Amino acid sequence: MLKKILKEVVTLIVGKQAEDIVDLLDAKKHINEFIIAKKLDLTINQTRNILYKISDYGLVSYIRKKDKKKGWYTYFWKIEVLKSLEFMKNNLLKKIDQLEHKIKSRETKRFYICARCNLELSEENALLYVFTCNECGDVLALKDNTKFVREMKKSLEKLKRDLMFLEEERKKEIEKIEKIKLRERRKEEKEKAKKRPKRKKVVKKPAKKKPVKKKIVKTIKKKPVKKTMKKLKPKPKIKKKPVKKKPIKKKSKK
Ligand SMILES: [Zn+2]
């Protein structure tokens, strides 16, 4: 679904022939423009033209690396998913708005037609020509818009559905970005913690949670076994039970 939307974005900006570039640009890392050209069987200039067009809308990002031997820069590209989805969202909203206006206009205004010339006039224009066709002189007829309106409403529903799907993808993408940010922040914090010896204990804490859980499971399993043993061998001397398990829970969580 996401890829389909991204391809639609590229089609809107560059044209259908360029949509395959999405398969290469929608990756975790930036991709070398020479590899893009090779894989799409395009020249480097054709490839750059496509990328620059998308770049004009801010929907791709690049990094550049200097070739140490040749001294020139090679560019690496990547599609900006969230920005592309926002671009598509605005596009859809605009279309929906236009269609709603059209429907409203058809539902509230009258239109006249000349069937012979296949002409359509607004009521104001029809009035201007006294309801006769300017081309052939036939009497204009009032247009029945019901079918037209019905079709437009169908298209409107489809656009609204598209918008809904797009919103889902947009939310997913935002969540993804948030997760990445969080991971990076945690990494930074860990590295900071390593530099400060005092905070070592804070880092170790989460590891202690697991052994506590394991011990609870073991005690539950052992109990019934011990009971049956007691019944078979009535030795009241077994008083080894009071194993202190509480000290493990001493340190509270953050
Ligand atoms: Zn006519």
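Readers should treat all values here as calculations from the given coordinates under stated rules, not as data from a laboratory. Everything numeric here is computed off the predicted structure, so don't read it as measured data.
For the stretch 121-136, putting each phi into the Karplus relation 6.51 cos²θ - 1.76 cosθ + 1.60 with θ = phi - 60° gives couplings of 10, 6, 4, 4, 5, 4, 5, 4, 9, 6, 6, 10, 6, 5, 8, 10 Hz, in residue order, rounded to whole numbers and with x for Gly and Pro.
Once backbone amide H atoms are built at 1.01 Å from N, residue 111 has 143 as its partners under 5 Å, excluding neighbours fewer than 5 places away on the same chain. What the Kirkwood sum gives for the stretch 130-181 is a hydrodynamic radius of 15.2 Å, with every pair of different alpha carbons counted.
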